[in-house]
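Visitor: Could you have a look at this structure, given as structure tokens, before my questions?
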Amino acid sequence: MPVTAENRVTIRPDVVFGTGGGRDLHCDVYEPPAALKNGIGVLLVHGGGWSQGDRTQLRGYGLLLGRRGYLCVASEYRLTGEALWPAQIEDVKCALRWMRANAAELGINADQIVISGNSAGGHLSLMAAGTPDRPEFEGNGGNPGIETHVSASIAFYPPTGLERRSWGGLPSLFGAGAAEDTLRTASPLTYAREGFPPTLLIQGNADDVVPAREAQQMYDALHAVGVPVEMHMFANQPHGFDADPRLGRECAEIMISFLD
């Protein structure tokens, strides 16, 4: 879609949405023109193995979805060099509370907030979707008492079963010697039950960082309990394949179709 005056997205950078570990947490807000806004907010959560990356990674999706009327918020969260689990999910939920508390100012419906993430962000997206009622993941970074449920979740190539210990980032996320129960409670598969929000999974079947079976097992678990779920498997594509602008635009169209 070409950029015109009618669909140009305004970016508000470095907006403080709460605190984590005693410091401010920031987000970038991608705001569609008022005439295009559809009332739906999308929280974008970046990847990087929980230890690196930043909110600018998903700028492309903020712009592409924004041009179609979706208000997007790309948020940061504390990385493992700063804080261990569950700081990461606490900060994501803090961003959700901020969006809900500021829904009127953002021009969104507080009951139409979606979360989307890539890789480690995909893991956090599914965790947020599956744990709206788990106080141990809520933290206290701002807007206490506001619910963190989401209407739908989107996850690109997400780790879903951390107890398999298949990722090199796990020691930095949990610290050395994490117990099986800790890994299980941090695994989206644990929360794949009736009532899980509608979910979109996007994966490449040549991914050697997060194997395709992770998304497949999440799909199977959600489908088995009647959750509306769809999966798009891209042939011969590696981890992070949507960094290719052509494939990124294709993924954005899939996201928009799912959200519509």
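The values are calculated or read from the model by the stated rules, or taken from the named source; none is laboratory data. Only a predicted model underlies this, so the values are computations on that prediction, with no experimental measurement involved. Neighbour counts are summed over all protein chains in view; Cβ atoms, including those assigned to glycine, are modelled from backbone coordinates with ideal geometry. Note: accessible area is taken over every heavy atom of the protein model, side chains too, but ligands, DNA and RNA are not part of it. Shrake-Rupley method; radii C 1.70, N 1.55, O 1.52, S 1.80 Å.
Visitor: So who's got an amide H within less than 5 Å of the one on H46, skipping anything under 5 residues away but keeping other chains? H placed 1.01 Å off N, in plane.
Guide: Under 5 Å from the amide H of H46 lie the amide H atoms of S75, each far enough along the sequence or on another chain.
Visitor: Based solely on its DSSP helices, what 222 nm [θ] is calculated for the chain when runs of n ≥ 4 H residues each add -39,500 (n - 2.57) and the sum is averaged over all residues, nearest 500 deg cm²/dmol?
Guide: Roughly -8500 deg cm²/dmol at 222 nm, from the helical runs in the chain.
Visitor: Let me ask something additional. Can you pull out the GluC sites (Glu not before Pro) in the stretch 143-231 that DSSP calls coil and that have at most 10 other Cβ atoms within 10 Å?
Guide: E194
Visitor: Need one number: convex hull volume per residue for the stretch 61-167, Cα atoms only, in Å³.
Guide: Enclosed volume per residue, from the Cα hull, is 112 Å³.
Visitor: Right, another one. Taking a ≥ b ≥ c as the square roots of the Cα gyration tensor eigenvalues, with a/c under 1.5 meaning rounded and otherwise prolate when a/b beats b/c, else oblate, which class fits the stretch 1-118?
Guide: prolate
Visitor: Counting Lys and Arg as +1 and Asp and Glu as -1, what is the net charge of the other residues whose Cβ lies under 14 Å from the Cβ of K93?
Guide: Every neighbour counted, the sum reads -3.
Visitor: Per residue, how much accessible area does the stretch 129-260 have with a 1.4 Å probe, in Å²?
Guide: Here the residues of the stretch 129-260 average 46 Å² of exposed surface.
Visitor: With labels modelled as points extended 7 Å from the Cα through the Cβ direction, what inter-label distance (nm, one decimal) is found for V209 paired with V3?
Guide: Taking the simple label geometry, V209 and V3 are separated by 2.6 nm.
Visitor: Okay, moving on. Under the definition of Cα pairs under 8 Å and six or more residues apart, what whole-number percent is the relative contact order of the chain?
Guide: With pairs under 8 Å counted, the relative contact order is 16 percent.
Visitor: Which percent of the accessible area of the chain is formed by carbon and sulfur heavy atoms (probe 1.4 angstrom)?
Guide: Carbon and sulfur: 50 percent of the exposed surface of the chain.
Visitor: Is the stretch 136-260 best put as rounded, prolate or oblate by its Cα gyration tensor, with a ≥ b ≥ c the root eigenvalues, rounded for a/c under 1.5, and otherwise prolate when a/b is larger than b/c, oblate when not?
Guide: oblate
Visitor: Report the gain in length on full extension from N109 to Q52: 0.36 nm times residue separation, minus Cα-Cα distance, nm rounded to one decimal.
Guide: Net length gain for the segment: 17.4 nm.
Visitor: Let me cross-check M233: its accessible surface, 1.4 Å probe, with only protein heavy atoms counted, in Å² to the nearest 10?
Guide: Solvent-accessible area, nearest 10 Å²: 80 Å².
Visitor: Taking only the alpha carbons of the stretch 201-258, what extent do you get along each of the three principal axes, in Å, biggest first?
Guide: 35, 27, 13
Visitor: Looking at the chain only, what percent of DSSP beta bridges run antiparallel? Nearest 5 please.
Guide: 30
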